[in-house]
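**Q** Here it is: the structure, laid out below.
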Amino acid sequence: MIVGTAGHVDHGKTALIQRLTGIDTDRLKEEKARGLTIEPGFAYPEMAEDVEFGFVDVPGHERFIHNMLAGAAGIDYVLLVVAADDGVMPQTVEHLQILKLLGLSEGVVALTKSDLVDAARLEEAKREIVTLLADTPLAGAPVFPVSSRSGEGIETLRDRLWTQAQVQQVAPTNGHFRLAVDRAFTKIGAGLVVTGTVVSGRVNVGDFVRLFPSGLKARVRSLRRQNRDNDFATQGDRLALNLVGSGVDREVIGRGGWVIAEALESPALKRLDIAIELLDSVPATLEHWTPVHIHLGATHVTGRVSLLEGQRLAPGERMLGQLTLDTPVHACLGDRVVIRDHGAHVTLGGGLVLDGAPPRRGQRAPKRLAWLAALRDSVMAGAPYDLRHPLKAALALRSEGLDLVAFAHNVNRDQKELIELVSSMGGRVISAQGEVRAFSRLALEDIETNVLAIVTANHEREPAMLGTERERLRRQVMPNLSGPLFRLLLNDLFETGQVEQHGPFVALPGHRVTLNDEDAAIWDQVRPLLEANPFEPPRVRDIATSEKLDEQRIRTALIACARLGEIYHVRRDHFFMSSSVRDMAVIVQELVDMNGTARAAEFRNRIGTGRKLAIHILEFFDRIGFTRRMHDDHLIRRADMWH
Ligand SMILES: Nc1nc2c(ncn2[C@@H]2O[C@H](COP(=O)(O)OP(=O)(O)O)[C@@H](O)[C@H]2O)c(=O)[nH]1
Ligand SMILES: [Mg+2]
């Protein structure tokens, strides 16, 4: 359990922590000189081995609210400090608001400096606090009058906190490791050390992690949790990580950075869809596109708020909205943000991160808002989030399929877990080359209907074509899906044979194309010539000469045949039988299997042609995507091309 102080400056937060733990958390020279907390400070009292316990002492001065926010990001339990003589003051209220926005609902109140007031004033201050807390998640929290000077009441408060630490429920570990970094420094002999709060997951000594924003990879050489050496840490821990890796130093990370599990990719996010809540204490409505300060974990950036469900938001109201950030951040579903005004003087409200990759268009489409609302509801229902409802809404939203890789990162879950969820809901998942898409049954039915309609229409319009080219079909039906995924989807959809795939063409079964009479006559005459010399058939001009035919007529006929899939147009005016091309592809594959590469010299020897033609044929294979050229080497790019 990490206890965090909150309260107005000079109300005795630091003195109280020192009295409770014996540790002075104001360790900076400037803090000592001014008697003022500037940076969050930490104290870890001795406890039984298996009890994790620590204190975060935050600055109370309004000028250091940004530092308070960095410290508050890791708190489980609130120690609200109010001086008996002053009573409730501006930062008492603001800190309380911030803690509420961060989702904190458990804690106690220390009514400090009890030695300075009489019993009547103490009672009055107590009443003030009870009233203040009434409409907050801390309503009914016990109030402990204490004096850090005389020591009065300290034992009672300590008992309460120490007992609480034993029984406090540890938040469920959820998703991959994420550490919100609040400090980084270089330790002689060890290298880079970063400290922060484990926002999710678990990390072990020896793990590889990634730094945000640099993207650099590092290894965890050692770690301390709650200031004690350990070999792992989990969600909620205060952590110091000693990291090693190439380029990994103080220059590349600091407060606001993140250390993230390698498995969790962390794209830099410029826009975040959030559920916004405006505090009821703010004097004016929040207008669309208001410039603000945004705090997320220990990250502090500026940006603007967009409202997705209206033009303005009244105090105390909630709405779906979007943050457009001046500096990209790392964030996942459920992260809390605190929003302060442009001048950084007042806290305006806060929000829950819902989606880190909003689309450019259709952000306010009713289906999308319904999806965001579903995400919000799952987060509000508590961790670990039940993602069935949002997944269902996401599938309904995306007729093009849901990108499960991006979704897994956004919600910080394993793909495997999400794939199982989709299947259990009757959806379907296809994956190829690192891409994973999920479809609802309804979406698949729509795609099927679309494909059939387009293929049928094209047969009618172009009866001489073998069918609709798969690439063209993909662009029409689902332009955002990759070629390999679309191919898989077609195989999946049409297992029952409603459409057939012939090479690059998709056609209705039974569809046959024929040449017109003139082309058919020429093809009858030319075909034997091409078959007679499979790897070096005559070119159009040679055919024209030997057969005494018009060059242009031969060309027209052969191009029609190529459309039917009978022959390939390998280079200008040079057509090969499709079966010959397939045979040559097998030879290329054999050469690559044997030598790791296909080169013109060996290929020429196998097919028995001149070097120049061999090069043309290899270039043809490059062009159609079967191979890929690197200098003189041709490597296989898509072995499945001829299946
Ligand atoms: N008389 C009295 N003074 C206190 C008590 N607690 C703190 N102080 C004094 O109040 C001032 C501010 O305390 P500090 O802990 O720095 O306040 P913080 O800004 O909330 O951390 C210091 O001069 C302390 O010595 C207390 O219980 N009684
Ligand atoms: Mg202090």
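**Q** Within segment 281-293, can one find any residue that is modelled with pLDDT of 95 or more, under 24 Å from SER378 (Cβ atoms) and of a type outside the set (D, E, K, R)?
**A** For segment 281-293, residues modelled with pLDDT of 95 or more, under 24 Å from SER378 (Cβ atoms) and of a type outside the set (D, E, K, R): absent.
**Q** I'd like the residue in segment 254-296 that is hydroxyl-bearing (Ser, Thr, Tyr) and part of a loop (DSSP other than H, G, I, E, B) and, out of all such residues, is farthest from ASN204 (Cα to Cα).
**A** Filtering segment 254-296 for residues that are hydroxyl-bearing (Ser, Thr, Tyr) and part of a loop (DSSP other than H, G, I, E, B), the one farthest from ASN204 (Cα to Cα) comes out as THR285.
**Q** Just checking, does segment 195-204 include any residue being surrounded by fewer than 17 Cβ atoms within 10 Å (Cβ to Cβ), among the basic types (Lys, Arg) and within 30 Å of ASN230 (Cα to Cα)?
**A** Among the residues of segment 195-204, at least one is surrounded by fewer than 17 Cβ atoms within 10 Å (Cβ to Cβ), among the basic types (Lys, Arg) and within 30 Å of ASN230 (Cα to Cα), which makes the answer yes.
**Q** For segment 587-597, how many residues are closer than 22 Å to PRO537 by Cα and without any contact (Cβ under 8 Å) to a residue 40 or more places away in the chain?
**A** 1
**Q** Considering only residues of segment 46-57 that are in a loop (DSSP other than H, G, I, E, B) and either surrounded by 20 or more Cβ atoms within 10 Å (Cβ to Cβ) or within 10 Å of ligand 2 (Cβ to nearest atom) (or both), which is modelled with the highest pLDDT?
**A** My answer is PHE53.
**Q** Could you check segment 197-218 and list, in sequence order, the residues that are in a strand (DSSP E or B), farther than 20 Å from PRO267 by Cα and not polar (S, T, N, Q)?
**A** If the condition is that a residue be in a strand (DSSP E or B), farther than 20 Å from PRO267 by Cα and not polar (S, T, N, Q), then ARG202, VAL203 are the ones that fit.
**Q** Show me the strands (runs of 3 or more DSSP E) entirely contained within segment 341-452 in which 3 or more residues are within 30 Å of PRO291 (Cβ to Cβ).
**A** Once the strands (runs of 3 or more DSSP E) in segment 341-452 are filtered for at least 3 residues that are within 30 Å of PRO291 (Cβ to Cβ), what remains is 347-355.
Every residue, every condition in (1) under 28 Å from PHE505 (Cα atoms); (2) over 47 Å from the mean Cα position of the chain (by Cα); (3) assigned by TED's automatic domain parsing to the domain that holds GLU469, yes or no:
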{"site": "SER546", "(1), (2), (3)": "no, yes, no"}
{"site": "ALA562", "(1), (2), (3)": "yes, no, no"}
{"site": "ILE567", "(1), (2), (3)": "yes, no, no"}
{"site": "PHE576", "(1), (2), (3)": "yes, yes, no"}
{"site": "HIS616", "(1), (2), (3)": "yes, no, no"}
{"site": "PHE620", "(1), (2), (3)": "yes, no, no"}
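**Q** Taking GLU417 as the residue in question, decide whether it is free of Cβ contacts under 8 Å to residues at least 60 places away in the same chain, closer than 29 Å to ALA374 by Cβ and not basic (Lys, Arg).
**A** So GLU417 fits the description; yes.
**Q** Shifting gears a bit: What do you reckon, is GLY608 surrounded by fewer than 17 Cβ atoms within 10 Å (Cβ to Cβ) and in contact (Cβ under 8 Å) with a residue 60 or more places away in the chain?
**A** yes
**Q** Going by the conditions given, is ILE430 of a type in the set (Val, Ile, Thr) and either touching an Asp or Glu at 6+ places or on another chain (Cβ under 8 Å) or at positive phi (or both)?
**A** So ILE430 passes the test.
**Q** If you go through segment 2-22, how many residues are surrounded by fewer than 23 Cβ atoms within 10 Å (Cβ to Cβ) and away from ligand 2 (no atom under 13 Å from the Cβ)?
**A** 4
**Q** List the pairs whose first member sits in segment 27-39 and is exposed (fewer than 13 other Cβ atoms within 10 Å of the Cβ), whose second member is small (Gly, Ala, Ser) and at pLDDT 90 or above, and whose Cβ atoms are under 7 Å apart, counting only residues at least 6 apart or on separate chains?
**A** Taking only residues 6 or more apart or on different chains, the pairs are ARG27/GLY41.
**Q** Taking MET380 as meeting all but one of (1) under 25 Å from LEU279 (Cβ atoms); (2) modelled with pLDDT of 90 or more, write down the number of the exception.
**A** So the condition that MET380 fails would be (2).
**Q** Let me ask something else. Return yes when VAL88 is part of a loop (DSSP other than H, G, I, E, B) and hydrophobic (A, V, I, L, M, F, W, C) and no when it is not. Outline the logic, then answer.
**A** Working: part of a loop (DSSP other than H, G, I, E, B): yes; hydrophobic (A, V, I, L, M, F, W, C): yes.
Answer is yes for this residue.
**Q** Sort out which residues of segment 1-26 are in contact (Cβ under 8 Å) with a residue 40 or more places away in the chain, more than 12 Å from ligand 1 (Cβ to nearest atom) and either over 22 Å from GLY196 (Cβ atoms) or not in a loop (DSSP other than H, G, I, E, B) (or both), and write them in order of number.
**A** Of everything in segment 1-26, those that are in contact (Cβ under 8 Å) with a residue 40 or more places away in the chain, more than 12 Å from ligand 1 (Cβ to nearest atom) and either over 22 Å from GLY196 (Cβ atoms) or not in a loop (DSSP other than H, G, I, E, B) (or both) turn out to be ILE2, VAL3, GLY4.
**Q** With respect to GLY60, determine if the residue is within 11 Å of ligand 1 (Cβ to nearest atom) and of a type outside the set (A, V, I, L, M).
**A** yes
**Q** Any idea which of LEU101, LEU122, LEU116 is away from ligand 2 (no atom under 16 Å from the Cβ) and buried (at least 19 other Cβ atoms within 10 Å of the Cβ)?
**A** Numbers: LEU122 fails: buried (at least 19 other Cβ atoms within 10 Å of the Cβ); LEU116 fails: buried (at least 19 other Cβ atoms within 10 Å of the Cβ).
Sole residue among the options that is away from ligand 2 (no atom under 16 Å from the Cβ) and buried (at least 19 other Cβ atoms within 10 Å of the Cβ): LEU101.
**Q** I've got another one for you. Check segment 516-538 and report whether any residue there is surrounded by 13 or more Cβ atoms within 10 Å (Cβ to Cβ), touching a His at 6+ places or on another chain (Cβ under 8 Å), closer than 24 Å to MET584 by Cβ and in the same structural domain as ARG638 (by TED's automatic domain parsing).
**A** Yes: one or more hits.
**Q** In addition: Looking at (1) aliphatic (A, V, I, L, M); (2) within 12 Å of ligand 2 (Cβ to nearest atom); (3) in a helix (DSSP H, G or I); (4) under 37 Å from the mean Cα position of the chain (by Cα), which is the one condition that is false for ILE65?
**A** (2)
**Q** Please go through (1) polar (S, T, N, Q); (2) more than 16 Å from ligand 1 (Cβ to nearest atom); (3) in contact with a strand residue (DSSP E or B) (Cβ under 6 Å, 6 or more places away or on another chain) for SER105 and return the number of the only condition it doesn't satisfy.
**A** Here SER105 meets the rest and fails (3).
**Q** Let me ask you something else. Here are some conditions: (1) within 14 Å of ligand 2 (Cβ to nearest atom); (2) part of a loop (DSSP other than H, G, I, E, B); (3) closer than 23 Å to ASN227 by Cα. GLY60 meets all but one. Which one does it not meet?
**A** It fails just one condition, (3).
**Q** Sticking with this one: I'm told SER150 meets every condition in (1) away from ligand 1 (no atom under 16 Å from the Cβ); (2) in the same structural domain as ALA72 (by TED's automatic domain parsing) except one. Can you identify the failing condition by its number?
**A** Going through (1) away from ligand 1 (no atom under 16 Å from the Cβ); (2) in the same structural domain as ALA72 (by TED's automatic domain parsing) one by one, SER150 breaks only (1).
The values are calculated or read from the model by the stated rules, or taken from the named source; none is laboratory data. Being a predicted model, the structure only gives us computed values, none of them experimental. All Cβ positions, even for glycine, are placed from backbone atoms using ideal geometry, and neighbour counts span all protein chains on display.
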